[in-house]
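Some notes on the structure that comes next.
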Amino acid sequence: MNVALRLAAATDAERIAALAIQVFLDTYATEGVRPDLATEALGHYGTDAFRSRLIEARRRFVLGERGPGLVGFAEVILQASVAPGSTVFGAELARLYVQPKAQARGIGRALLQRSEGLAEEAGLPAVWLTAWEHNSGALAFYAKQGYETIGAARYEFQGRRYTNHVLARRLPRRVGAA
């Protein structure tokens with residue numbers, strides 16, 4: 001699938017929010033939309049939430065578009081932080097979401113590679129992320145891209161706890177890097 005990558009602008013918040021809610025619910029609401037999932041989706045993944053994140057200095061969004069349609073995005077925080085429960089530090093890949101019908105077509109890989117490139121350009125030694133323990137597709141995808149499980153973390157919203165795997169990949173040192 002041909003996909004064009006570009007960095008997001010503030011005007012992209014609404015499309016990012018719509019895609020984020022779609023992917024979030026497709027992943028977590030496998031047995032229907034519970035009240036906790038609805039609250040999380042509309043609050044954390046709403047347009048205003050993305051408008052706020054889009055203007056953060058160290059946060060970048062890479063968009064994957066096919067024609068005028070947004071089919072995926074990656075949200076990367078270009079600030080050295082320690083991955084939960086580990087000593088690995090680097091950029092955090094906060095989200096990599098691809099529209100369900102567009103998955104397994106190289107879009108996620110392209111978004112991930114561009115995110116890793118941004119981390120390298122920022123001089124960060126690694127990229128880390130968390131992925132829900134029951135998201136077997138995401139876990140297999142990241143393993144195929146060279147990410148290793150380095151620990152676990154819990155995410156809680158609306159009184160429910162979700163266990164996430166913490167995954168990381170050290171980035172290759174660029175020639176001439178200190």
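The values are calculated or read from the model by the stated rules, or taken from the named source; none is laboratory data. Not measured: the values here are computed from a predicted model. Ideal geometry is used to build each Cβ from the backbone, glycine not excepted, and the neighbour counts take in all protein chains shown. These area figures cover heavy atoms from the full protein model, side chains too; ligands, DNA and RNA do not enter into them. Shrake-Rupley method; radii C 1.70, N 1.55, O 1.52, S 1.80 Å.
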| What are the residues in region 97-132 that are part of a helix (DSSP H, G or I) and not aliphatic (A, V, I, L, M), if any? | 100, 101, 108, 109, 113, 114, 115, 116, 117, 120, 121
| task | Scan region 74-96 and give yes if some residue there is within 27 Å of residue 148 (Cα to Cα), over 16 Å from the mean Cα position of the chain (by Cα), free of Cβ contacts under 8 Å to residues at least 40 places away in the same chain and outside any strand (DSSP E or B), otherwise no. | result | yes
| task | Six or more apart or on different chains, Cβ under 9 Å: which pairs go from a residue in region 46-66 that's part of a helix (DSSP H, G or I) to one that's open to solvent by 70 Å² or more (accessible area, probe 1.4 Å) and acidic (Asp, Glu)? Could you list them? | result | 47/14; 50/14; 51/14
| field | Flag for residue 174 being more than 16 Å from residue 92 (Cα to Cα), open to solvent by 80 Å² or more (accessible area, probe 1.4 Å), outside any strand (DSSP E or B) and modelled with pLDDT under 90 | value | yes
| task | Residue by residue through region 156-165, note down the ones that are assigned to a strand (DSSP E or B) and either over 18 Å from the mean Cα position of the chain (by Cα) or surrounded by 13 or more Cβ atoms within 10 Å (Cβ to Cβ) (or both). | result | 157, 160, 161, 162, 164, 165
| message | Suppose we keep only residues that are in contact (Cβ under 8 Å) with a residue 40 or more places away in the chain and more than 21 Å from residue 103 (Cα to Cα) within region 13-36. Which one would you say is surrounded by the fewest Cβ atoms within 10 Å (Cβ to Cβ)? | response | 35
| message | Exactly one of these conditions fails for residue 9: (1) under 20 Å from residue 109 (Cα atoms); (2) touching a residue at least 40 places away in the same chain (Cβ under 8 Å); (3) loosely packed, with under 14 Cβ neighbours inside 10 Å. Give me its number. | response | (1)
| field | Residue that is at pLDDT 95 or above and of a type in the set (Gly, Ala, Ser), where the choices are 83, 102, 91 | value | 91
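Looking at the structure I just gave you, is residue 168 crowded, with 19+ Cβ neighbours inside 10 Å and touching a residue at least 40 places away in the same chain (Cβ under 8 Å)? Talk me through it step by step, then tell me what you get.
Values: crowded, with 19+ Cβ neighbours inside 10 Å: yes; touching a residue at least 40 places away in the same chain (Cβ under 8 Å): yes.
So residue 168 fits the description; yes.
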| field | Matching residues in region 133-155 - criterion: being out of contact with any Phe, Trp or Tyr (no Cβ under 6 Å at 6 or more places or on another chain), assigned to a strand (DSSP E or B) and not small (Gly, Ala, Ser) | value | 148, 149, 150, 154
| Selection from region 86-132 of residues that are closer than 18 Å to residue 58 by Cβ, touching an Asp or Glu at 6+ places or on another chain (Cβ under 6 Å) and open to solvent by 20 Å² or more (accessible area, probe 1.4 Å) | 94, 95
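Which ones in region 6-28 are in a strand (DSSP E or B) and over 15 Å from the mean Cα position of the chain (by Cα)? Full working, then the answer.
Keep residues of region 6-28 that are in a strand (DSSP E or B), which gives 6-7.
Listed by number, the list holds a single entry, 6.
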